[in-house]
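The values are calculated or read from the model by the stated rules, or taken from the named source; none is laboratory data. Since the structure is predicted, the reported quantities are computational estimates derived from the model, not experimental observations. Note that we place each Cβ from the backbone using ideal geometry, even for glycine, and neighbour counts take in every protein chain shown. In case anyone asks, the SASA skips ligands and DNA or RNA and just uses the protein heavy atoms, side chains included. Shrake-Rupley method; radii C 1.70, N 1.55, O 1.52, S 1.80 Å.
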2 protein chains.
Amino acid sequence: MPERAVAGGKENSVETPVESTRERLLNVAEQRFGEGGYEGTSLRAITVAAAANIAAVNYHFGSKEALLRAAVARAMAPVNTERRRRLDQLEAKGRPTAEQLIRAFVEPGLELVLRRGERGPMVARFIGRIAFDPSQRIRELYAAESDPVEARYLAALQAALPRAAPESVAFGYVNMLGLLALHQSQALTRPPGDPVDPADDPGKLAENLIAFLVAAFDRGLRA
Amino acid sequence: MPERAVAGGKENSVETPVESTRERLLNVAEQRFGEGGYEGTSLRAITVAAAANIAAVNYHFGSKEALLRAAVARAMAPVNTERRRRLDQLEAKGRPTAEQLIRAFVEPGLELVLRRGERGPMVARFIGRIAFDPSQRIRELYAAESDPVEARYLAALQAALPRAAPESVAFGYVNMLGLLALHQSQALTRPPGDPVDPADDPGKLAENLIAFLVAAFDRGLRA
DNA sequence: GCATAGTTCAAACGGACGTTTGAATGAGAG
DNA sequence: CTCTCATTCAAACGTCCGTTTGAACTATGC
């Protein structure tokens, strides 16, 4: 066995933290699915990059789709946790404003995932890509991971915007979801150098997107 | 040969207007690529549905990707034409407002394509899907079809919003592009019955989206 | 009539796909 | 040491993929 974490040992090697085959598969799946989509990425490409045997996928997860499901769940967990935490905090202090809610929803998706470490952008692109995969089957797989907390935000937004019709708030909400996913997937950043790159700085991107959405929610929804 | 238009004849059969193999392939490709994406749709599925031989694709187009390219060009042509026409008309009467520009850009994408006949929604979904395909190669294929007229709109928008920084206008512009594509692809309409369906009526959808975007452009862009 | 060019056809090409198998390998428990 | 069980491995499974081939068919011009 080439590289394997010691089960009982209290230390990992200092230089390269040893990852299990399962973890390596999830990491590479995150990257490759984010780059090429689900259909466009083969298990062989994943297992080669992860230095794992093809059969390891079916041993650890059961199938290609189950691998994707596990990767989505792992990637979404911290985002959902942070969104829940922020919403709890806001609601503990009374009825939140639309801007507070938008910020609490968008920032965990962009910041918490665009910032930290090397893998951040990969995770963001992965989530954004899966959320709007061509296959409805895959999209539902993502929706199942994020629906509960999303429902809470939708209800809070409707309470924060009593002058707008509920359908209008829902319309704004799916627009927020979609724009966030598109920026996460980096599909909006035009291929070459190009005239302008709106997302050169993740922090700026978050502020620009929030300002854009706040204006649209506050004044762009029908009664 | 089962069904084939008579070349010299002056009339087609009254009941079923006969389509050429080439046209049938383009029609079915539009539908299937729009449903399953490029990678998720096989040439065999297309040729079976089009009642054509597999080799017909390579005879008429050369390859799967060339078939997609031809379908994109055909689908985008009327949209681009209409956008150009509207922009010419607006600019002939002086400097257009942001709302006029947004309307002239969004409506041809939604209305002209969502309304007419049975095939409208299929074409819309096809365009929306290809515009944000997981593969950058496919996305560039779409961009090549719509870039020229898009560049004119971007310039006009920047002139209409002198208080906003050019990068901010470009940011709003890609957001408009992305939201339009997402609504066209119907990826934002949640799968089942669901709490609310924001896009029940195409006409309403256009007005809602335009109002949303106008508010965001007018008040949501940084200086 | 015949020749010609444009299309369609069944069949096969090599390769890549997701999945499965059964043996080999490893560490920990008795 | 021996047994056990989790994990890894090379190899093969059958299926589907995009593409190519070469013959058959069709309409038109001579």
Mind checking the full-extension length gain between B:Glu65 and B:Thr189? Use 0.36 nm per residue of separation minus the Cα-Cα distance, one decimal, nm. 41.8 nm
Compute for chains B and A the buried accessible surface, both sides summed, probe 1.4 Å, and express it in Å² to the nearest 100. 3900
How many nm separate the modelled label positions at A:Ala151 and B:Arg95, each set 7 Å beyond the Cα in the direction of the Cβ? 5.0
Cα centre as origin, Lys/Arg/Asp/Glu Cβ charges: the stretch A:72-219 dipole, Debye: 280
Does the stretch B:136-194 come out rounded, prolate or oblate by the C-alpha gyration tensor, with a ≥ b ≥ c the root eigenvalues, rounded set by a/c under 1.5 and, if not, prolate when a/b is larger than b/c and oblate if not? oblate
Going highest first, how would you order A:69-75, A:181-187, B:45-51 by mean Cβ packing within 10 Å? A:181-187, A:69-75, B:45-51
Extreme residue, positive dipole direction of the stretch A:72-219, given options A:Leu188, A:Val72, A:Phe132 (C-beta unit charges): A:Val72
Cβ-vector label at 7 Å, B:Thr81, separations to other copies in nm: 5.6
Kindly state, to the nearest 0.05, the FRET efficiency for B:Thr81 paired with A:Val48, given R0 = 41 Å and r defined as their beta-carbon distance. 0.30
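What trypsin sites (Lys or Arg not before Pro) in the stretch B:120-159 are in a loop by DSSP, with at most 15 other Cβ atoms within 10 Å of the Cβ?
Sites meeting the loop and neighbour criteria: none at all.
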Using a 7 Å Cα-to-Cβ projection, A:Arg222 label spacings across copies, nm, ascending: 3.3
Hey, for B:Ala45 with labels 7 Å out along Cα-Cβ, what do the inter-copy distances come to in nm, ordered shortest first? 1.8
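Over the stretch B:73-219, what is the relative contact order in percent, taking alpha-carbon pairs closer than 8 angstrom and at least six residues apart? Don't jump to the answer; show the numbers that get you there.
On the way: 125 pairs, mean separation 47.1, N = 147.
Across the stretch B:73-219, relative contact order equals 32 percent.
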Per 10 Å bin, what is the whole-percent P(r) computed from every C-alpha pair distance within the stretch A:72-219? 11, 41, 37, 10, 1
Measuring from label point to label point, each 7 Å out along Cα→Cβ, what is the B:Gln136 to A:Lys204 span in nm? 2.0
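What length, rounded to one decimal in nm, is gained on full extension from B:Arg219 through to B:Glu23, with 0.36 nm per residue of separation minus their alpha-carbon distance?
66.0 nm
Quick one: pull the percentage of alpha-carbon pairs in the stretch B:38-80 with a separation above 11 Å. Walk me through the numbers on the way to the answer.
Details: 599 of 903 pairs.
When all Cα pairs of the stretch B:38-80 are counted, 66 percent exceed 11 Å.
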